[in-house]
Structure formats: structure tokens, C-alpha cells
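Q: Got a structure for you, questions after.
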Amino acid sequence: MKSLQLDIEDPVAIRTFAAEAAAQFPALNVLINNAGIMRPEKLLAQQPDLADAEAMVTTNLLGPIRLTAVLLPQLQKQPSSAVINVSSGLAFLPLAITPTYCATKAAIHSYTLSLRYQLRATTTEVLELVPPYVATDLMSGASDPRAMPLGAFIVEVMKILKTQPTPPEICVENVKSLRFAAESGKFSAIFEGLNAAMADVH
Ligand SMILES: NC(=O)c1ccc[n+]([C@@H]2O[C@H](COP(=O)([O-])OP(=O)(O)OC[C@H]3O[C@@H](n4cnc5c(N)ncnc54)[C@H](OP(=O)(O)O)[C@@H]3O)[C@@H](O)[C@H]2O)c1
């Protein structure tokens, strides 16, 4: 395994990175848009420059759009390739203390649907990973017993990724109540319950 470093907030760096990656790794055939940041926002007491909101849009939404755009020609050269976008259960039912974060994830879900449709006649597969609350450093999850342990999440995701054909949305059991909240007819109850239960997360 080798690595190249990239600041996904920097559009110039994204272009340089893509050129370097394609030159160094001509067989590159998978793009996982995983980088993300999640910051709580009090909408009645925001910084005037909206720094947190703009950083989340730049990292979580513009980042994957820009990186996909520059790497798509490289992916399309391969006999088979894949783009995996990481959204969230919160794309489908927002946690109100993180409004811009949830909005970027809803947007990534929508973008992924369109990308998949536009690439349907090509050999590039487009997948969406929809994580639940997982114990990572994203916000307070690492020390929150309510978060799914990272190891268990990875095991379940890898099992789903091995199924043939791979489902376009990778949803572990824990995320299904959020992912299908609207379809279940219990959206309002789940929204109220989640936001009451998670008001302390920061
Ligand atoms: N954990 C959850 O509960 C959860 C739930 C749903 C969705 N997700 C999504 O899962 C993805 C991974 O998050 P995580 O939970 O693994 O959180 P994490 O441990 O905080 O990891 C986030 C990653 O994003 C990278 N990153 C942040 N800003 C970046 C930038 N400007 N340029 C390049 N890389 C940057 C970080 O790199 P550095 O460490 O180098 O900064 C880090 O590797 C995110 O898209 C997140 O929204 C997570």
C-alpha cells in the first residue's frame, strides 16, 4: 500500500493529486470519497463568516464532486472500476444539531444517484456507503457507547461488499431505521426520538 497526501478542501491540490495518482498508479480503478468533517452548529448563534458551514460544504460535498470529476477519465480507462461515495444515515433523517453536515450528506446521496444513472452504460460501478453512528473521531463517537464499534461496522460492510451483485447502497442493519425512515411511515416519530436522544452529542 502506498499513499499520497491531499487536502480535499483545495481545488488546485485535487487536480495535482489526480494527475500524480494517474501517473504513479495507472491501474487505479477505485475511488472512495470518504473524507468528511462534522461540526455542530447553533443556527441562532453562528459565526458571521459561516466558517464551519462553508468548510463542511467544501469538504463533504465539493470535495467528492471535484475529485470524482478529475478521476473519472482515469476510472473510465479501466476494464472495470468503482466510485464509492460515503453518505450517512443522517442524509435521510437529519440530526438537527448538525444541519449543514446532514445537508451535505443528503446532497451526496442525490449526486450519487445521478452519477450512477449517467454511468449506467459504462463499466464504472457507483456505490453509496450509508454508515450509521460509528465509533470514530468524527465527533464524539469514539467515546460514545451508543456508537457502533468500528470493527463490527467494517466486518458487516465487507460482507455486504462481497455479495454479488453488490447492492448500490451499502446499509448495515443499524442504519436501516434511518435510511428507510420515510418509507416506514414513522419519519416524524424517529426524527423526534433521534433528536431528543442525541441532543447531548458534540
Ligand atoms: N463515524 C460516523 O458516525 C459516521 C456516520 C456516517 C457517515 N460517516 C462518514 O464517514 C466518513 C469517514 O468519517 P469517520 O467517521 O471515519 O471520521 P474520522 O475518523 O474523523 O475520519 C475522517 C477522515 O477525513 C479526513 N479529512 C478531513 N478533512 C480532510 C481534508 N480537508 N482533506 C483530506 N482529508 C480530510 C481525515 O483525515 P485527517 O485525519 O488527516 O484529517 C480523516 O481521515 C465521513 O465522510 C463521515 O461523514 C461517519
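Values in this text are rule-based calculations from the coordinates and carry no lab data. Computed from a predicted structure; not experimentally measured. Because the Cβ atoms are built from the backbone with ideal geometry, glycine has one as well, and the counts that use them run over all protein chains shown.
Q: Using a Förster radius of 22 Å, what is the FRET efficiency between PHE187 and ILE160 based on their Cβ-Cβ separation? Nearest 0.05, please.
A: Efficiency, rounded to the nearest 0.05: 0.35.
Q: Additional query: Quickly estimate the mean residue ellipticity at 222 nm for the chain, helices only: each DSSP H run with n ≥ 4 gives -39500 (n - 2.57), and the total goes over all residues, rounded to 500.
A: -13000 deg cm²/dmol
Q: Give me the net charge for the shell around PRO168: Cβ to Cβ below 14 angstrom, other residues only, Lys and Arg +1, Asp and Glu -1.
A: Taking every Cβ under 14 Å from that of PRO168, the sum is 0.
Q: Compute the relative contact order of segment 11-197 as a whole-number percentage, counting only Cα pairs closer than 8 Å that sit 6 or more residues apart in sequence.
A: It comes to 21 percent, rounded to a whole number.
Q: Oh, and also: Can you list the lysines whose alpha carbon is less than 29 Å from that of LYS2, not counting same-chain residues fewer than 8 positions off?
A: Once the sequence-local lysines are set aside, what remains near LYS2 is LYS77, LYS105, LYS159, LYS162.
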